[in-house]
Amino acid sequence: MMSRVIPASLIRNQQIKLKVIFCVHGVISPLLTNIYLHYVLDLWVEWWRRHHAHGEVYIVRYSDDFVMGFQYRLDAERFQAGLKERMAQFSLEMHEDKTRLVEFGRFAVKDPSRKS
């Protein structure tokens, strides 16, 4: 592959227009999301787990979607409140329609009439 040098005299008098394009569905988008959320979310979850959790905490994340598991409901509620604040620090927010607490596991089916 040959590179071509453009003479400075041609560049000096030319007006250059730049346009910023956000690539939402491109190949680089999931990569950038993973890098950004590693610092915003992943490392913070590890810190929160060590300093605040009373039970087990699990996270499964793919790009900007994640599911978390908590041994205790109180941990989940406290984490959710803290996560909103954490995301706001980075000008991010959680999708309200996708964000919810769901009880699951072997004890969740004991009393299905009980509301979560």
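Of the numbered conditions (1) out of contact with any Gly (no Cβ under 6 Å at 6 or more places or on another chain); (2) at pLDDT 95 or above, Met87 fails exactly one; give the number of that condition.
Just one mismatch for Met87, condition (2).
If I filter the range 42-70 down to residues being surrounded by 14 or more Cβ atoms within 10 Å (Cβ to Cβ) and part of a loop (DSSP other than H, G, I, E, B), which single residue comes out as nearest to the chain's Cα centre (by Cα)?
Asp64
I'm told Ala76 meets every condition in (1) touching a residue at least 24 places away in the same chain (Cβ under 8 Å); (2) small (Gly, Ala, Ser); (3) part of a loop (DSSP other than H, G, I, E, B) except one. Can you identify the failing condition by its number?
(3)
Within the range 82-91, is there a residue that is open to solvent by 60 Å² or more (accessible area, probe 1.4 Å), assigned to a helix (DSSP H, G or I), within 25 Å of Ile35 (Cα to Cα) and among the small types (Gly, Ala, Ser)?
The answer is yes; a qualifying residue exists.
The values are calculated or read from the model by the stated rules, or taken from the named source; none is laboratory data. Computed from a predicted structure; not experimentally measured. Methodologically, a virtual Cβ is constructed for each residue, glycine included, from the backbone with ideal geometry; neighbour enumeration extends over all protein chains shown. The area values use the complete protein model at the heavy-atom level, side chains included, leaving out ligands, DNA and RNA. Shrake-Rupley method; radii C 1.70, N 1.55, O 1.52, S 1.80 Å.
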